[in-house]
1. Magnitude of the Cβ-charge dipole of the chain, K/R +1 and D/E -1, about the Cα centre, nearest 20 debye?
2. Per residue, how much accessible surface does the chain expose to a 1.4 Å probe? Answer in Å², no decimals.
3. So how far, in whole Å, is the C-alpha centre of the range 205-228 from the one of the range 93-149?
4. Rounded to the nearest 500, what is the 222 nm mean residue ellipticity of the chain from helices alone, with -39500 (n - 2.57) per DSSP H run of 4+ residues and division by all residues?
5. Accessible area of the range 306-376 with a 1.4 Å probe: how many percent of it is carbon plus sulfur?
6. Once you have the alpha carbon radius of gyration of the range 273-333, what is it after dividing by 2.2 N^0.38 Å, with N set to its residue count?
7. How big is the C-alpha Rg of the range 228-356 next to the rule-of-thumb value 2.2 N^0.38 Å, as a ratio?
8. About the Cα centre, and with charges only on the beta carbon of Lys, Arg (+1) and Asp, Glu (-1), how big is the dipole of the range 86-147? Nearest 20 debye, please.
Amino acid sequence: MRETEHEAGTGKRRLGVGMVGYAFMGAAHSQGWRTVGRVFDLPVQPVLSAVCGRDGAAVRAAADRLGWAAAETDWRALVARDDVDLIDICTPGDSHAEIAIAALDAGKHVLCEKPLANTVEEAEAMAEAAERARSRGQMAMVGFNYRRVPALALARQMVAEGRIGSLRHVRLTYLQDWLVDPGFPLTWRLRKDRAGSGALGDLGAHIVDLAQYLVGEPVAGVSALTETFVRERPLPDGASSGLTAEGGTATGQVTVDDAAVFTGRFPSGALASFEATRFAAGRKNALKLELNGSDGSLAFDLERLNELSFHDHTEPATSSGFRRILVTEPGHPYLEAWWPPGHGLGYEHTFVHQARDLLHAIATGEQPEPSFEAGLSVQRVLAAVEESAAKNSVYTPIASTPVTV
C-alpha cells in the first residue's frame, strides 16, 4: 500500500484516498482532500487515487473535474486497489454500511458521510466493524463537518472550560427551503429506502451531533413531532445535481418526513429543543444554536460562521451583554494555517479541517472524532425521534452510547 511509501522530496508517507460518490458531498470532500496539504503541515501526504460512480462517462468526467487520478465504476474494485488506503463514502445512506464494513474488513481507513446509516442496526454493525479495525490500526470517522467550523470548535472549548457555567438550555434549528415547491421531484433524499429519513436525518443529524459535541453528553430522551407536507411528487426526469432536479409527469409517494420538531433532555438535567425542516421559505442553510448556562450564554449562526456571540453573566449588569467574537485569530481553532486576522473562512473550509483531523489521527494512531460510536449515538436519537412521533410525542428514552468529543 502507498501508505508505506513516501512522497518524493517530502519524506512523508503517502496515503491513497478512494472516494465513492462525486455529487454534492463528493465535490465538497474533493475540495478538502485537494487543499489540505497545501494549507496544513501534515504528517502524511494524501493522494487522490481514484473516485467511483456507476456511470462510467460521468465518473471519468468527475475525476478530471475534481482532481482524481483514476475512475472506477464498482466500489468493490475501488476497495481492492493497492493504491487506496482510505475509503471516503459520499453516497446515499442505503449503501453506507455495506461499503464501510467491507472497506474496514479489507484493511482500509474509512471516512463516512453523515448520518452514519439508515438504521440503528446498520450503525451498530458499522461501529462493531470500526472497533475490530481499530485493533488493527485502521481508523473510522463520520463526516459531521460542522464540528470543524472554527467558531463551533471555540464554543466547545469555552463550554469545556466552564465559561458559561452549568448548562441549562440548548436550542438548535436547521432550516432550508428547497422543498417548498410541491413540483420539486422525488429524488433519493425523499425516499426512505435510500435516505433513511428526511429532514430529520439530512439536517437533524447535524444538530443532534452538534448538541452532543458541545454539551459533551448524549441526549437521554426525546419527545417529537414529524410531518410530511407534500406527500406526492413528480418522479425525476433525467439526472439530478446537488439539490436541483427536473421532474416528469408521473408521480410517486414521498416516504420521509419534511420536518421534525423535538425536545430532549441531557443526563445532567439540561433541556434541549431541535427543529429541522426543508420547508422554511427564504432560509437557505440556516443553522442556528444557543447555549444558556448559569454563568453565561453562547450563540452561533452558520450564515455568519466566522462569528461567535458570548455573554458573560458574571460581569456587572451595567456593562454586560452579548459581544461578538470574530473567530479569525491565529490562536483560534484551525486558524493558524489560514489568513491574517479578519479574513474569514467559508463552508468549504470545514472539509479541509475534516481531512486534516483525520490524517493526524491516522498518523498518530488516535481515535478520530466523531467516531462511528458517535455516529451510532446520533442514529439512536434519530430512531427515538421517529418512535416518539409515531406514538403522538410520547417521551422516548434513548439507550446510552458514550459520546466522545
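The values are calculated or read from the model by the stated rules, or taken from the named source; none is laboratory data. The shown structure was predicted, so the numbers you read here are calculated from the model rather than taken from an experiment. A quick note on method: Cβ atoms are made from the backbone with ideal geometry, for glycine too, and the neighbour counts reach across all protein chains shown. With ligands, DNA and RNA removed, areas are computed over all heavy atoms of the protein, side chains included. Shrake-Rupley method; radii C 1.70, N 1.55, O 1.52, S 1.80 Å.
1. Numbers: 39 positive and 51 negative charges, 74 e Å.
Value, rounded to 20: 360 debye.
2. I get 41 Å² per residue for the chain.
3. Here the two parts' Cα centres lie 20 Å apart.
4. -9000 deg cm²/dmol
5. Details: 1670 of 3220 Å².
Carbon and sulfur together cover 52 percent of it.
6. On the way: Rg = 14.3 Å, N = 61, 2.2 N^0.38 = 10.5 Å.
Against the compact-globule rule of thumb, the ratio is 1.36.
7. Cα Rg divided by the expected 2.2 N^0.38 Å: 1.48.
8. On the way: 6 positive and 10 negative charges, 77 e Å.
I would put it at about 360 debye.
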